[in-house]
1. Applying a 10 Å radius around every beta-carbon, put 99-108, 59-68, 79-88 in order of their mean neighbour count, most first.
2. Which peptide among 21-32, 42-53 comes first, and what is the full order, when sorted by highest mean count of other Cβ atoms within 10 Å?
3. Enter the angle in degrees (range 0 to 90, nearest 10) between the Cα long axis of helix 98-118 and the first principal axis of the Cα atoms of the chain, meaning the one along which they spread out most.
4. For an R0 of 30 angstrom, estimate the FRET efficiency from the Cβ-Cβ distance between Arg94 and Glu6 and round to the nearest 0.05.
5. Would you list, by chain and number, the aspartates and glutamates whose Cα falls below 15 Å from the Cα of Lys106, excluding same-chain residues fewer than 8 positions away?
6. Mind checking the alpha-carbon convex hull of the chain and giving the volume per residue in Å³?
Amino acid sequence: MTSLTEQKCVACRPDAPAVTPEEREQLLPQIPQWRLVEREGIPRLERVFRFKNYLDALEFTNRVAAAAEEEGHHPAILLEWGKVTVSWWTHAIRNLHLNDFIAAAKTDRIYDQLVAERGGPGSEPVPHEAEG
């Protein structure tokens, strides 16, 4: 089986097949820190990434955006002080596609690379007083 990070996203049309429940069960262990959530009736993959400061979170956001542009598949990204929430789903089918799992795995790789460069993530919850 080819690693998700070695695969490329494909262009999706409204008739593209969503991943089946069986495929989800096979793919989710490959991205263990992602949660399957439903928002507005659409299943999504979501993960919160923690950082030591706002600038590291912004750098991560920019790297994810650049990778998304390269793949032609774009997430919802919420940037906050010390954390970034990334949500992947395929807009064209209002569901999950293999592209979302590929993109989530590549997002994890971007995070791991940034953490290695910057010396570690912020692992503790961000205190309210530090925000803003």
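Bear in mind these aren't lab numbers, they're just calculated from the coordinates by the rules spelled out. Source: prediction; values computed, not measured. For neighbour counting, all protein chains shown are included, and Cβ atoms are generated from backbone atoms with ideal geometry for every residue, glycine included.
1. On the way: 99-108: 24.1, 59-68: 16.9, 79-88: 18.7.
Highest to lowest by the protection proxy: 99-108, 79-88, 59-68.
2. Values: 21-32: 12.8, 42-53: 18.4.
Output ranking for 21-32, 42-53: 42-53, 21-32.
3. 20 degrees
4. On the way: r = 27 Å, r/R0 = 0.91.
So the FRET efficiency works out to roughly 0.65.
5. Partners within reach: Glu6, Glu46, Glu69, Glu70, Glu71.
6. Values: hull volume 15.3 nm³, N = 132.
Spread over its residues, the Cα hull of the chain gives 116 Å³ apiece.
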